[in-house]
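Participant: I am attaching a structure below and will ask some questions about it afterwards.
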Amino acid sequence: MTLEEKAAFLTGKGAWETADFPSFDLRSMFLADGPHGVRRQVTEADDMGKIPSIPATCFPTAATMANSWNEALIEEMGELLGEEAKAQRVNVLLGPGTNMKRNPRCGRNFEYFSEDPYLAGKMAAAIIRGIQKNGISACVKHFAANNQELRRMANDSVIDERALREIYLTAFEIAVKEGGTKALMSSYNSVNGTYANENEHLLRDILRGEWGYTGMVVSDWSASNDRVAAVKAGSDLEMPSCKYGAEEVVKAVRDGKLDLKYVDECVGRLLDLYESTKIDDNAPTDFDVYEHNRFAKKCAEESIVLLENNGILPLPKNEKIALIGDFAENPRYQGAGSSIVNPTVLSRYVDRLLGDPAKSAPKNKEYDPGIVGGGKKEIKVVETYVEELVGYDLNVVGYEPGFDRYGKKDPKKAEAAMKLAETAETVLLFLGLDEVSEAEGMDRAHIRLNENQLELFRALKAAGKKIVVILSCGAPVELAELREADALVYACLSGQACADAVMDVLVGRVNPSGKLAETFPERYEDCPTAGTFPGTKRTSEYRESLFIGYRYYEKAEVKPAYPFGYGLSYTTFEYSGLEVTEEGVKFTLKNTGDRAGAEISELYVGKKDSALIRPVKELKGFRKTFLEAGESAEVQIPFDDKTFRYFNDLTDGWEIEGGTYEIYVGASIDDVRLQGTLEKTGTSDVIPYDLAELPSYASGKVQNVSAEEFEKLLGRPIPTGKYLFYTKNRMVIDDNCTVDDLRYSKRWAGRFCSWLVRFLTAFSRFFCIRCFESTLEIGIKHQPVRGIAKFLGFSRRQKEGMLRIFNGQLFKGLGMILFKPRKNRLQAEK
Ligand code: BGC
């Protein structure tokens with residue numbers, strides 16, 4: 001390849017494909033979302049799900065699957081995902097997402113597994129192994145510390161090295177080392193001052209150096225800020241295509257600013273990926289829709305978490321039931337944004353219990369995607385299956401939506417629901433978050449359910465009804481009131497087979513076995529980052545350091561509504577006989593109830609006399625065990641290289657603190673059943689800090705860490721999060737200022753653009769044009785100038801022109817946008 005060809009190979013062709021070179025017999029690779037189902041667009045553009053993609057099985061989202069704590073299950077789900085991707089000629093499936101849940105408001109939490117890096121890493125590794133069994137590639141994302149959606153392309157995560165390593169990178173490390181991912185996506189944000197996609201510390205030192213990763217790194221879509229720096233850091237592929245990315249690489253090599261060896265390394269890794277993800281033209285283009293749907297149901301069944309039950313569940317036979325709540329008719333089963341899947345079928349509660357159950361049966365579908373690799377092909381799913389859908393022995397009296405899904409008051413709906421409830425013994429109340437309140441590109445404004453849903457709950461309660469609440473949302477909501485229901489079932493976002501799975505739990509065909517992979521706080525204000533999330537300026541300061549999720553609640557002694565690792569069952573389990581050895585723990589688990597069930601046993605490790613900043617205890621292992629009624633089993637959970645390690649900033653490496661460790665085995669973080677100790681020899685005497693100088697971290701009370709204390713932990717001054725201003729309210733607009741920021745532009749043109757976008761967003765919100773609102777919010781309002789320029793297909797010069805306009809040089813800027821430089825024009829004329 002010539003230098004030009006190499007550089008062109010390193011930037012995409014269109015939105016989803018890599019460049020092809022017929023002369024080298026090198027075809028394009030196709031990259032498609034996503035994490036819980038294949039989203040292969042039928043058009044060239046990235047529609048973020050606005051135009052349905054080729055139908056595929058919509059499995060439960062990561063937030064849901066994590067509640068199953070079942071690695072084998074998610075590995076098998078990955079295998080089916082990979083099979084569908086291969087059938088759709090997708091070489092790289094863009095998932096899983098394994099960022100930490102730093103704050104429950106992050107709009108993309110539904111796409112992520114957990115607040116705990118160990119659990120998230122194990123789930124990510126398992127799904128990757130499954131996907132890659134098909135000979136294609138998974139792509140773990142978004143590397144790294146990408147924990148808020150607000151200003152996601154223009155935000156710098158300021159984190160101390162220990163928290164970065166232990167909390168924000170560990171899940172990726174497990175995904176790389178144990179999952180063997182062939183591809184990894186760098187994130188939009190910058191980390192400690194450098195964009196993740198060009199961050200040598202992250203990509204070269206840690207990912208490739210320490211973890212030995214030899215796979216490919218791709219930028220998140222339009223995340224590329226400085227292509228030359230990215231190549232140097234080892235980010236191989238820029239996606240989607242960019243007019244000037246390749247030109248810059250060529251120029252930098254020619255000018256001696258970039259060593260050709262970096263370009264060659266990237267090309268080599270991309271070729272390796274190409275070779276290892278080739279899909280045979282004769283490979284099947286169909287998949288068993290019915291079986292995949294059935295498996296999606298199994299995944300959902302194992303992930304549903306029973307939060308409350310006063311004995312009302314499982315529902316008795318012939319119980320008189322009213323279905324109330326809009327979510328019974330329009331289930332919330334996945335999130336919004338780039339992960340959105342066009343499901344092969346959708347099971348709705350109303351169809352399953354009142355209507356024609358055949359509506360919920362998977363159907364044969366044929367489609368001509370037009371752009372499948374290797375020419376036009378028909379993706380055809382197998383023949384229609386007519387499953388005999390088993391009914392339920394329930395006496396269902398009817399359905400009423402009860403409330404407006406988007407929160408508008410609607411007394412008529414509420415009245416009709418109350419009237420229907422009068423005729424029933426028990427109300428199945430379907431509540432949840434609507435699809436625009438948790439979505440990619442936006443963080444939630446609060447963590448409450450809409451008030452109209454709570455009002456209906458209160459009215460039903462006051463009327464003396466027995467109430468079973470089924471909650472559909474991808475992240476915690478405040479549950480102080482709903483806890484008073486007779487039963488509370490957290491369905492999370494459980495994929496296309498949601499209703500079938502939930503109904504089987506409600507009637508007891510399935511014994512619930514999911515446990516929370518994240519803490520549900522009592523109130524939002526209780527969260528460690530309630531006062532600092534999201535970062536609204538250039539920086540987002542991770543002042544809480546290690547103390548996110550249960551690490552905070554336990555250490556700071558803040559009682560959550562539902563703790564990490566919590567979930568009820570229709571049976572009971574007894575733990576006994578703990579043995580702790582150098583290798584791990586062993587104990588006996590007995591199902592002491594009268595029905596079969598599964599128990600997730602959790603291994604935590606703590607160190608009471610630690611000289612370090614430390615959470616009380618941390619998850620270091622888990623096992624899910626299925627037991628018949630009365631059955632016992634010996635359960636073993638091994639220790640591994642992560643059980644006792646901590647990252648020492650001074651030795652710049654992983655160390656073990658010597659001394660006595662407490663070993664806990666429990667049914668949740670708050671429900672320890674067995675306890676032991678183990679002595680460990682330390683690996684270093686170097687203590688990285690003076691705890692007396694870091695009182696908030698020593699106590700874990702990190703809600704209000706002062707700048708001085710955070711600086712002590714960081715070991716450097718906090719970078720300024722401020723913008724540069726010409727005068728008050730007139731900002732210096734650079735590449736990374738967003739459309740929202742243009743309101744402070746020197747020129748009316750910038751201010752007008754910003755105003756227009758903000759006006760249209762507010763307008764569409766007011767008139768409930770949700771889809772348009774989210775497109776503006778996700779796609780435009782928080783896009784930096786460089787993103788907009790790429791979107792418009794601008795050259796670098798044209799982008800510079802745009803910046804000139806925003807900074808006051810209207811005519812000069814326009815000239816740069818509209819006309820080519822004189823030299824180029826003369827050349828073109830020649
Ligand atoms: C998202 C990625 C996604 C990509 C392609 C980006 O906006 O952050 O997660 O894979 O788009 O759709």
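Participant: Say we look at region 555-568 and pick out the residues that are out of contact with any Ser or Thr (no Cβ under 6 Å at 6 or more places or on another chain) and open to solvent by less than 30 Å² (accessible area, probe 1.4 Å); which of these is farthest from TYR664 (Cα to Cα)?
Facilitator: Selected residue: ALA561.
Participant: Report, ordered by the first and then the second residue, all pairs with beta carbons closer than 9 Å, sequence separation of six or more or different chains, a first member in region 613-637 that is more than 16 Å from VAL585 (Cβ to Cβ), and a second member that is at pLDDT below 95.
Facilitator: ILE613/PRO688; ILE613/TYR689; ILE613/LEU691
Participant: Collect the residues in region 585-631 that are among the polar types (S, T, N, Q) and either under 16 Å from ALA517 (Cα atoms) or surrounded by 22 or more Cβ atoms within 10 Å (Cβ to Cβ) (or both), keeping them in residue-number order.
Facilitator: Hits for region 585-631 are ASN591, SER601.
Participant: Could you figure out which of (1) more than 16 Å from the ligand (Cβ to nearest atom); (2) under 18 Å from LEU3 (Cβ atoms) isn't true of GLU238?
Facilitator: Answer for GLU238: the failing condition is (1).
Participant: Looking only at region 206-229, which residues are open to solvent by 30 Å² or more (accessible area, probe 1.4 Å) and in contact with a strand residue (DSSP E or B) (Cβ under 6 Å, 6 or more places away or on another chain)?
Facilitator: Once the filter is applied, which keeps residues that are open to solvent by 30 Å² or more (accessible area, probe 1.4 Å) and in contact with a strand residue (DSSP E or B) (Cβ under 6 Å, 6 or more places away or on another chain), region 206-229 yields only ASN225.
Participant: Give, as residue ranges, the helices (runs of 4 or more DSSP H) completely inside region 1-110 that count at least 2 residues that are closer than 30 Å to GLU302 by Cβ and within 16 Å of the ligand (Cβ to nearest atom).
Facilitator: Helices (runs of 4 or more DSSP H) meeting the threshold: 62-66, 71-87.
Participant: Among the candidates PHE287, PHE295, which residue alone is over 30 Å from THR539 (Cα atoms), of a type in the set (Phe, Trp, Tyr), assigned to a helix (DSSP H, G or I) and away from the ligand (no atom under 16 Å from the Cβ)?
Facilitator: That would be PHE295, the only listed residue that is over 30 Å from THR539 (Cα atoms), of a type in the set (Phe, Trp, Tyr), assigned to a helix (DSSP H, G or I) and away from the ligand (no atom under 16 Å from the Cβ).
Participant: Let me ask something else. Name the pairs whose Cβ atoms lie under 6 Å apart, with the first residue in region 182-206 and within 16 Å of the ligand (Cβ to nearest atom), the second open to solvent by less than 10 Å² (accessible area, probe 1.4 Å) and of a type in the set (Lys, Arg), and 6 or more positions between them or separate chains?
Facilitator: MET185/LYS141
Participant: Let me ask you something else. Run down LEU323, LEU315, LEU307, LEU273 and say which single residue is open to solvent by less than 50 Å² (accessible area, probe 1.4 Å), farther than 21 Å from LEU26 by Cα and under 30 Å from the mean Cα position of the chain (by Cα).
Facilitator: LEU307
Participant: List pairs: first in region 26-41 and touching a residue at least 12 places away in the same chain (Cβ under 8 Å), second of a type in the set (Lys, Arg) and near the ligand (Cβ under 9 Å from one of its atoms), Cβ under 8 Å, 6+ apart or cross-chain?
Facilitator: ALA32/ARG39; ASP33/ARG39
Participant: Can you tell me which residues in region 233-262 are in a helix (DSSP H, G or I) and within 12 Å of SER222 (Cα to Cα)?
Facilitator: Selection gives GLY245 alone.
Participant: Looking at region 674-686, which of its residues are part of a loop (DSSP other than H, G, I, E, B) and out of contact with any Leu (no Cβ under 7 Å at 6 or more places or on another chain)?
Facilitator: THR681, GLY682, THR683, SER684, ASP685
Participant: Report, ordered by the first and then the second residue, all pairs with beta carbons closer than 6 Å, sequence separation of six or more or different chains, a first member in region 209-235 that is modelled with pLDDT of 95 or more, and a second member that is of a type in the set (A, V, I, L, M) and in a loop (DSSP other than H, G, I, E, B).
Facilitator: VAL218/MET239; SER219/MET239; VAL228/LEU258
Participant: I would also like to ask the following. Keeping to region 168-181, report how many residues are closer than 23 Å to THR18 by Cα and within 16 Å of the ligand (Cβ to nearest atom).
Facilitator: Total satisfying the criteria: 1.
Participant: In addition: Out of all the residues in region 150-160, is one or more away from the ligand (no atom under 13 Å from the Cβ), touching a helix residue (DSSP H, G or I) at 6+ places or on another chain (Cβ under 6 Å) and closer than 23 Å to LYS182 by Cα?
Facilitator: The answer is no, given that none of the residues of region 150-160 is away from the ligand (no atom under 13 Å from the Cβ), touching a helix residue (DSSP H, G or I) at 6+ places or on another chain (Cβ under 6 Å) and closer than 23 Å to LYS182 by Cα.
Participant: Going by the structure shown, is VAL469 β-branched (Val, Ile, Thr), in contact with a helix residue (DSSP H, G or I) (Cβ under 9 Å, 6 or more places away or on another chain) and at pLDDT 95 or above?
Facilitator: yes
Participant: Right, next: When you look at VAL732, is it β-branched (Val, Ile, Thr), closer than 26 Å to SER795 by Cα, surrounded by 20 or more Cβ atoms within 10 Å (Cβ to Cβ) and modelled with pLDDT of 90 or more, yes or no?
Facilitator: No: the conditions fail for VAL732.
Participant: Related question: Identify, from the list LYS243, LYS257, the residue that is closer than 26 Å to HIS782 by Cα and either more than 16 Å from the ligand (Cβ to nearest atom) or open to solvent by 30 Å² or more (accessible area, probe 1.4 Å) (or both).
Facilitator: Just a single option satisfies the conditions, and that option is LYS243.
Participant: Look through region 399-455, keep the residues that are among the small types (Gly, Ala, Ser) and free of Cβ contacts under 8 Å to residues at least 60 places away in the same chain, and return whichever of them is farthest from the ligand (Cβ to nearest atom).
Facilitator: Checked region 399-455; the qualifying residue farthest from the ligand (Cβ to nearest atom) is ALA416.
Participant: Looking only at region 660-684, how many residues end up being within 17 Å of ILE613 (Cβ to Cβ), surrounded by fewer than 16 Cβ atoms within 10 Å (Cβ to Cβ) and of a type outside the set (S, T, N, Q)?
Facilitator: Residues flagged as within 17 Å of ILE613 (Cβ to Cβ), surrounded by fewer than 16 Cβ atoms within 10 Å (Cβ to Cβ) and of a type outside the set (S, T, N, Q) within region 660-684 amount to 1.
Participant: Restricting attention to region 163-173, does a residue exist that is touching a helix residue (DSSP H, G or I) at 6+ places or on another chain (Cβ under 8 Å), part of a loop (DSSP other than H, G, I, E, B) and either over 25 Å from ASP640 (Cα atoms) or of a type outside the set (Ser, Thr, Tyr) (or both)?
Facilitator: No, every residue in region 163-173 fails to be touching a helix residue (DSSP H, G or I) at 6+ places or on another chain (Cβ under 8 Å), part of a loop (DSSP other than H, G, I, E, B) and either over 25 Å from ASP640 (Cα atoms) or of a type outside the set (Ser, Thr, Tyr) (or both).
Participant: Moving on to the next point. Would you confirm, using the coordinates I've provided, whether TYR406 is of a type in the set (Ser, Thr, Tyr), modelled with pLDDT under 95, open to solvent by 10 Å² or more (accessible area, probe 1.4 Å) and in contact with a Ser or Thr (Cβ under 9 Å, 6 or more places away or on another chain)?
Facilitator: yes
The values are calculated or read from the model by the stated rules, or taken from the named source; none is laboratory data. The model shown is predicted, which means the values in this text are computed figures rather than measured ones. When we count neighbours, we look across all protein chains shown, and the Cβ atoms used for this are built from the backbone with ideal geometry, even at glycine. The accessibility values were calculated without ligands, DNA or RNA, using every heavy atom of the protein model including side chains. Shrake-Rupley method; radii C 1.70, N 1.55, O 1.52, S 1.80 Å.
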